[in-house]
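S.K.: Could you have a look at this structure, given as structure tokens, before my questions?
Just so it is clear, none of the values below were taken in a lab; they were calculated from the coordinates. Only a predicted model underlies this, so the values are computations on that prediction, with no experimental measurement involved. Ideal geometry is used to build each Cβ from the backbone, glycine not excepted, and the neighbour counts take in all protein chains shown.
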Amino acid sequence: GRHQKGLDFIVHWTPWMKNLMNSIHLTQGMAKMLCSPLAIFSRQRRRATEKSEVDLVGEVQGKTCVVVDDIADTAETLCQAADKLKARGASAVLGVVVHGILSDPACESIMKSQLETVFV
């Protein structure tokens, strides 16, 4: 039924802040369909000369997380998200990618990462 418990958690990776509102709207719809709560990653640069930082909003301790990304070329952002989620206590991390380009060393990076499975 519609009110059955869904996945423990759904997480959305938002690599570019300019797409944040569209990404959140899309992911909220997906979370609602799956009867799952939502956490959001964002990537931003604090200073132009510094590497971008990843922020997570939401509690993931003990949850199974699904990371949704639009494009995975090197899969660096997907692997980074999985590592961060596991460090924050996620019990498992799955990846969902719309466009899986998977250039080298993407497959090797995924195999070494905290991702249990990646769906393309």
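S.K.: Using θ = phi - 60° and the Karplus form 6.51 cos²θ - 1.76 cosθ + 1.60, what ³J(HN,Hα) does each residue of the range 92-97 get, whole Hz, x for Gly and Pro?
M.R.: Coupling constants for the range 92-97: 7, 10, 10, x, 10, 10 Hz.
S.K.: What fraction of the Cα pairs in the range 44-83, stated in percent, has a spacing above 16 angstrom?
M.R.: 49 percent
S.K.: Step through the residues of the range 36-41 one at a time and calculate ³J(HN,Hα) from phi using the Karplus curve (6.51 cos²θ - 1.76 cosθ + 1.60, θ = phi - 60°), rounding each to whole Hz and writing x for Gly and Pro.
M.R.: 10, x, 9, 10, 10, 9
S.K.: Okay, next question. Using the per-residue mean of other Cβ atoms lying within 10 Å as a proxy for protection, in what order, highest first, do the peptides 91-99, 54-62, 32-40 fall?
M.R.: 91-99, 32-40, 54-62
S.K.: So, one more: Binning at 10 Å from 0, report for the range 20-120 what percent of all alpha-carbon pair distances ends up in each bin.
M.R.: Using 10 Å bins, I get a P(r) of 15, 47, 34, 4, 0 for the range 20-120.
S.K.: Once you place label points 7 Å from the Cα toward the Cβ at ARG88 and MET30, how far apart are they in nm?
M.R.: Label-label distance for ARG88 and MET30, simple model: 1.6 nm.
S.K.: Here is a follow-up. Under the √(5λ) rule applied to the eigenvalues of the Cα gyration tensor, what semi-axes describe the equivalent ellipsoid of the range 64-115? Give them in Å, descending.
M.R.: 18, 12, 7
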